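Report on the structure given below.
The values are calculated or read from the model by the stated rules, or taken from the named source; none is laboratory data. This structure is a prediction, so every number in the text was calculated from the model and none was measured. Cβ coordinates were reconstructed from backbone atoms using ideal geometry, including for glycine residues, and neighbour counts include every protein chain displayed.
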Amino acid sequence: MSQKLFETISLHSNENPLGPSPMALEAIKKYSQDVHCYGSWKPQTLKEKLASKYQVSPNNIAVSAGSYELINLIIHFLVNRDEEILTFDNTFMAYSYNAKRNGRKCVISNMSGLECDLEDLIPLCGKNTKAIFFANPNNPTGTIVTHDSLRNLLETIPSNVLVVADEAYYEYVTNESYPDSVQLLKEFPNLIILRTFSKIYGLAGARVGYGIASESLVETMEEKRLLRSINILGKKAAEAALDDVEYIRRSVSQNSRGKEYLLKELRQLGFAVNDSQANFLYLPFHDNNQKNSVYQTLAKEGLMVCDLEIFGQNNSLRITISLNEINQRIIDCLTQIKK
Ligand SMILES: Cc1ncc(COP(=O)(O)O)c(C=O)c1O
């Protein structure tokens, strides 16, 4: 076996291929001396930094051990046993998965294409609906919900229904009709915005996410969050990464270069790939065999993409946009299949 079979490249979890921000790494090194200590109860400095970035009060910021912790916490503590959550079929599986784990009913709206159409949720919103979850950009399809459609949903549904806009990839978005959700929050206190340090900030393993929401929802989320669930290295790395403007700029430009290259080459090879507002591309296939063959061919080269069977989508793959040389390896490999 050749050496390269042992070197796998992660293209399945939408991590930043540039690695962590150099400033975050510095902070981790510096504070690693302090890991014998618990650190403060509340991540107050991080809350303040985020508050100043978004021009809200620190009381509007709930920091968590990854946004995943907040998704679980919202479902567990803000949705009662007899209430339901509402989401889409081809979206981030954490919403339906956590509903199931917590014994909450999850009503699913079937998407007719790659977009999460919030209008489709309105007739499904019943007396037991407590929270609506959607990812924007959507994972795995890379499409966005617009400002107008989010506003329309918020204006139409009852104000006691929580609307959770999971904006894990928001730093990559270039489409101008993307929502200014922090602005909408001022009008609609039932909106909860989720963001994370796991994607563009390159800190997936450090587990830091946050929510932006009304003071009363933040208070509840903080009260229910496991005491000390955020570790000091993650907290310090996140604070430093927020200041690493140059790294964020490089990450955005690397992603947009990689996206243009992959879109062009994949389309030339005949793949029906859609544009994406995030750091991954969605690849649909005619059938399961065709998808499996592409997956296996890439895997043999150590290129590990995401088989969306785990999302309940049997005929599609999701590929994280990577560094130029890796993107090129993906194309070289797929060119062999098409020959
Ligand atoms: C839409 C979406 N939300 C949340 C997450 C999880 O983020 P975190 O690492 O902050 O828990 C992911 C990770 O893939 C994601 O795609």
- [ ] Working only within the stretch 103-112, note down all residues that are outside any strand (DSSP E or B) and of a type outside the set (G, A, S).
- [x] R104, N110, M111
Task: Test: residue in the stretch 116-129 that is within 13 Å of the ligand (Cβ to nearest atom), within 20 Å of the chain's Cα centre (by Cα) and either at pLDDT below 95 or assigned to a loop (DSSP other than H, G, I, E, B) (or both) - done: yes
Open item on the list: Within the stretch 1-90, considering only strands (runs of 3 or more DSSP E) that don't extend past its boundaries, which have at least 1 residues that are surrounded by 18 or more Cβ atoms within 10 Å (Cβ to Cβ), within 16 Å of the ligand (Cβ to nearest atom) and in the same structural domain as I232 (by TED's automatic domain parsing)?
Closed with: 61-64, 84-88
Open item on the list: Given the criteria more than 12 Å from the ligand (Cβ to nearest atom), touching a strand residue (DSSP E or B) at 6+ places or on another chain (Cβ under 6 Å) and either closer than 13 Å to L191 by Cα or outside the structural domain of V182 (by TED's automatic domain parsing) (or both), does V107 qualify?
Closed with: no
Open item on the list: Any residue at all in the stretch 26-40 that's farther than 13 Å from V208 by Cβ, in contact (Cβ under 8 Å) with a residue 12 or more places away in the chain and touching a strand residue (DSSP E or B) at 6+ places or on another chain (Cβ under 7 Å)?
Closed with: no
Open item on the list: Taking the conditions exactly as written (surrounded by fewer than 22 Cβ atoms within 10 Å (Cβ to Cβ) and in a helix (DSSP H, G or I)), does K100 satisfy them or not?
Closed with: yes
Task: Which numbered condition I330 misses (of (1) of a type outside the set (S, T, N, Q); (2) farther than 17 Å from E15 by Cβ; (3) in contact with an Asp or Glu (Cβ under 9 Å, 6 or more places away or on another chain)) - done: (2)
- [ ] Determine whether the stretch 81-92 contains at least one residue that is basic (K, R) and farther than 20 Å from I108 by Cβ.
- [x] no
TODO: Inspect all residues belonging to the stretch 243-266 and state whether any of them is of a type in the set (D, E, K, R), under 23 Å from N59 (Cβ atoms) and surrounded by fewer than 19 Cβ atoms within 10 Å (Cβ to Cβ).
DONE: yes
TODO: Would you check which residues across the stretch 22-50 are among the polar types (S, T, N, Q) and either within 27 Å of L283 (Cα to Cα) or modelled with pLDDT under 95 (or both) and list them?
DONE: S40
- [ ] Out of the residues in the stretch 314-339 that are outside any helix (DSSP H, G or I) and in contact with a strand residue (DSSP E or B) (Cβ under 8 Å, 6 or more places away or on another chain), state the one that is surrounded by the most Cβ atoms within 10 Å (Cβ to Cβ).
- [x] I321
TODO: Within the stretch 35-55, track down each residue that is out of contact with any Lys or Arg (no Cβ under 9 Å at 6 or more places or on another chain) and not polar (S, T, N, Q).
DONE: V35, H36, C37, K42, K47, E48, K49, A51, K53, Y54
Open item on the list: Whether any residue in the stretch 228-242 is acidic (D, E) and either over 22 Å from E167 (Cα atoms) or in the same structural domain as T8 (by TED's automatic domain parsing) (or both) is what I want to check.
Closed with: no
